[in-house]
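Remarks on the structure that follows.
Computed from the coordinates by the stated procedures, all read-outs in this text should not be read as laboratory data. Small disclaimer: the values here were computed from a predicted structure and weren't measured. Every residue, glycine as well, gets a Cβ built from its backbone with ideal geometry; the counts of neighbours run over all protein chains shown.
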Amino acid sequence: MNGRRRFLEATGIALMTGLAGCSDGPEGGDTGDEDDTETDDGSGMDEDTETDGDVESSTSGATLAIDNVGSGAWEVVEDETGSVAPTGEENPTMTLEVGQRYTVENGGWSGHPFALRAADDTPLLSQSGDGEFESDADVDWVDNEETLSFTVTEDLTANLNYYTCTIHSSMRGDVESA
């Protein structure tokens, strides 16, 4: 029995030692130089990450949470930056900054699709239907039902006038650019 226990322990240790390097090494089996280390600043990006020059380095992210107040108004329930709109007010004016990427969490998305529109009511970005800027690579529109993301460009702000619920016209507020 004692020999069997030692055999199982040795097998377990050998197995664990062999598997320990499998999950962290790069593909192809090359583990690289032990002295070649990377630092992680918590941004999700390596220090030596290169870009193709098409993306502005000033683009950063901001999260905004909105919800409906019945079918009469929007309310900003959370503004991560504190600079987009006041919380707790009905249909507040939103200030969007050129070059900034925004993620909007729409708590009432299924009954209150969010849209950004031009003064002539043309949809620019919309959770229901197609907006003129949804295929713009610089805007990088992403709609995942309750969460949508976009980057504010100069072209978008030149057209942008207000936000609205595509079903309830009283759920509408002005948009300014910074």
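Numbers for the structure displayed
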item	result
Convex hull per residue volume in Å³, alpha carbons only, for the range 61-177	84 Å³
Projected label distance in nm at Thr103 and Ser71, using a 7 Å step from Cα toward the beta-carbon	3.2 nm
Estimated dipole of the range 61-177 in Debye, rounded to 20 [Cβ of Lys and Arg +1, of Asp and Glu -1, Cα centre]	220 debye
